[in-house]
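Engineer: I have a structure here, written as structure tokens, and I will follow up with some questions on it.
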């Protein structure tokens, strides 16, 4: 059973329309998906030397500082604390931030090869997992 089907079964069993409205008021999951997709562009620009952005790996690695992370570590726990797929999303989101920070850390250490390897491999994989999970969660909340 995939993430969507297991999350959907649990979600529809335990979450009513009122709770869906509450979740939609707390977080715009479409915006969260767009922000995570945007990180790919930001990191690529940074690796290409085209970004004037000052990225700090010690900030990027914190999965509780972005809007989605604050929701995941806060209100979302009230809705999904018993749902394993949510905890997978939470772990994947934390891994996303850790890997993104490693891309920047290696770039700042002038190890572009390592930064590119992480970016094209581990980063792409974890980013995709987070975006898919958020997209699926958004579709469940929007139904």
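Engineer: Can you confirm whether segment 126-136 contains a residue that is over 12 Å from the mean Cα position of the chain (by Cα), within 19 Å of residue 21 (Cα to Cα) and in a helix (DSSP H, G or I)?
Structural biologist: Within segment 126-136, the subset over 12 Å from the mean Cα position of the chain (by Cα) is 136.
Now restrict to residues that are within 19 Å of residue 21 (Cα to Cα): 136.
Among the residues that remain, those that are also in a helix (DSSP H, G or I) are: 136.
The answer is yes, given that some residue of segment 126-136 is over 12 Å from the mean Cα position of the chain (by Cα), within 19 Å of residue 21 (Cα to Cα) and in a helix (DSSP H, G or I).
Engineer: Sort out which residues of segment 97-125 are under 30 Å from residue 25 (Cα atoms) and over 15 Å from the mean Cα position of the chain (by Cα), and write them in order of number.
Structural biologist: If the condition is that a residue be under 30 Å from residue 25 (Cα atoms) and over 15 Å from the mean Cα position of the chain (by Cα), then no residue fits.
Engineer: Surrounded by fewer than 18 Cβ atoms within 10 Å (Cβ to Cβ) and modelled with pLDDT under 95: is that true of residue 110 in this structure? Can you show your working first?
Structural biologist: Working: surrounded by fewer than 18 Cβ atoms within 10 Å (Cβ to Cβ): yes; modelled with pLDDT under 95: no.
So residue 110 does not fit the description; no.
Engineer: While we're on this one: Of all residues in segment 54-63, which are surrounded by 15 or more Cβ atoms within 10 Å (Cβ to Cβ) and in a helix (DSSP H, G or I)?
Structural biologist: Passing the criteria: 57, 60.
Engineer: Give segment 64-96 a look and list any residue that's part of a loop (DSSP other than H, G, I, E, B) and farther than 22 Å from residue 24 by Cβ, or say none.
Structural biologist: Residues of segment 64-96 that are part of a loop (DSSP other than H, G, I, E, B), as a first pass: 64-66, 74, 81-83.
Within segment 64-96, 65 is the sole residue that qualifies.
Engineer: Give the number of residues within segment 1-45 that are at pLDDT 95 or above and in contact with a helix residue (DSSP H, G or I) (Cβ under 6 Å, 6 or more places away or on another chain).
Structural biologist: 1
The values are calculated or read from the model by the stated rules, or taken from the named source; none is laboratory data. Given the structure is predicted, the values throughout are model-derived calculations rather than measurements. A quick note on method: Cβ atoms are made from the backbone with ideal geometry, for glycine too, and the neighbour counts reach across all protein chains shown.
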